[in-house]
1. Whether any residue in segment 104-119 is at pLDDT 95 or above, of a type in the set (A, V, I, L, M) and either open to solvent by 50 Å² or more (accessible area, probe 1.4 Å) or over 19 Å from the mean Cα position of the chain (by Cα) (or both) is what I want to check.
2. Test of understanding: among ASN123, ASN152, which residue is over 14 Å from the mean Cα position of the chain (by Cα), open to solvent by 10 Å² or more (accessible area, probe 1.4 Å), farther than 21 Å from PHE194 by Cβ and touching a residue at least 24 places away in the same chain (Cβ under 8 Å)?
3. Would you check which residues across segment 72-94 are open to solvent by less than 50 Å² (accessible area, probe 1.4 Å) and not basic (Lys, Arg) and list them?
4. All but one of (1) free of Cβ contacts under 8 Å to residues at least 24 places away in the same chain; (2) of a type in the set (Phe, Trp, Tyr); (3) under 19 Å from LEU124 (Cβ atoms); (4) not in a strand (DSSP E or B) hold for TYR189; state the number of the condition that does not hold.
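The values are calculated or read from the model by the stated rules, or taken from the named source; none is laboratory data. Predicted model, so just to flag it, every value in this text is computed and none were measured. FYI the Cβ positions are ideal-geometry reconstructions off the backbone, even for glycines, and counts take in every protein chain you see. The protein model used for the area step is the full one, side chains on, heavy atoms only, and it has no ligands, DNA or RNA in it. Shrake-Rupley method; radii C 1.70, N 1.55, O 1.52, S 1.80 Å.
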Amino acid sequence: MKVNPASRFTFWKTSLKVERFFEPGAKMLINVSRYLRNARLVLTAAALLTSVTPATWAADTPFPESSTAYTKLQEIKQRASDLTMSAMDLIGIRYKRGGNTPENGLDCSGFVRYVFKEVLGANLPRTAAEISHAGEHIDPKDLQPGDLVFYNTLRRGFSHVGIYLGDNKFIHSPSAGGRVRIESMDIAYWKKRFNGARRINDIEQK
């Protein structure tokens, strides 16, 4: 059956009009999707901030408020809060191997080094394996916000590092194509690759 050329032209014009009609709506849906994704990130960060601020620790303390021990405890709480908040400010920064700044991208150790430098002025070693020798060893049951958690992701120990946030969550710069994000330590992938945790003494590392 022959098709009239004029009919073909009319069909093409109609299709073009339909595409133009729906194009703004499609763009709107894409923008809404992006806004929802960003909103979810903000809500996640806000929820974790609530859990890792000084309220995370029990309100009761065995130390008098005027004691040196009490003052030190408050400093530790504030330090942990500052570290976790600074880390979560970087959510969405793209991964870049060897990256040291948010502007150019960050790899896992670059992310950790940047946060600790900004908050504590601490100069940590460059690689995850080297950082794993800094500070003191921490038992997993004693993890506190701001501690470092290490993983075997490259078939060698201590090849990946992130910052513990509390509630069995940590934040890190994952791998090529990824961005800084929050993960659960309870996920099977991370549980079987966990290598240990460290707590950085900011005085020793300055």
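1. No, there is no match, as no residue in segment 104-119 is at pLDDT 95 or above, of a type in the set (A, V, I, L, M) and either open to solvent by 50 Å² or more (accessible area, probe 1.4 Å) or over 19 Å from the mean Cα position of the chain (by Cα) (or both).
2. Working: ASN152 fails: farther than 21 Å from PHE194 by Cβ.
After ruling out the rest, the residue left standing is ASN123.
3. LEU73, ALA80, SER81, LEU83, THR84, SER86, ALA87, MET88, LEU90, ILE91, GLY92, ILE93
4. (3)
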